[in-house]
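Here is the structure we will look at.
The values are calculated or read from the model by the stated rules, or taken from the named source; none is laboratory data. Predicted model only: the values in this text are computed from it and were never measured. Ideal geometry is used to build each Cβ from the backbone, glycine not excepted, and the neighbour counts take in all protein chains shown.
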């Protein structure tokens, strides 16, 4: 890993109980990795029996936009393709991990690890066209359950 480069991983066995068994595979050839954040609040009113209502204010939403140059020989890319071509129900309950380098004067190359359950939303399908053209894949990663672990590592 370069000093200033974040790395993104996806679990290729997300139904396992431990991180070791989930088999995280690095998503390589990332051309875009962007954090999307919105603090736009929206009030929603839900009607119930006997004229009662409940008001819920939705709050902050965030996601991660990812674009990659697709290479089917990489495990993580092959797994993403299987998600794209598989059942829509498999897009939930995926596990991702992001390693972000910290800015520190320490000689140890410390980084922050953020990991948790996510939903994958594909923005495009693999385009058809020139056989020599680099295939691109774009998708959003949405946090699920908001039970994400953040830890620092050396």
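Looking at this structure, is residue 24 within 22 Å of residue 113 (Cα to Cα) and modelled with pLDDT of 95 or more?
Yes: the conditions hold for residue 24.
Among the candidates 10, 68, 45, single out the residue that is outside any loop (DSSP other than H, G, I, E, B), over 21 Å from residue 146 (Cα atoms), at pLDDT 90 or above and in contact with a strand residue (DSSP E or B) (Cβ under 6 Å, 6 or more places away or on another chain).
That would be 68, the only listed residue that is outside any loop (DSSP other than H, G, I, E, B), over 21 Å from residue 146 (Cα atoms), at pLDDT 90 or above and in contact with a strand residue (DSSP E or B) (Cβ under 6 Å, 6 or more places away or on another chain).
For residue 73, state whether it is at pLDDT 90 or above and assigned to a loop (DSSP other than H, G, I, E, B).
Taking the combined requirement at face value, the residue satisfies it.
When region 16-34 is examined, which residues are found to be out of contact with any strand residue (DSSP E or B) (no Cβ under 7 Å at 6 or more places or on another chain) and either exposed (fewer than 10 other Cβ atoms within 10 Å of the Cβ) or in a strand (DSSP E or B) (or both)?
Scanning region 16-34 gives 17, 18, 20.
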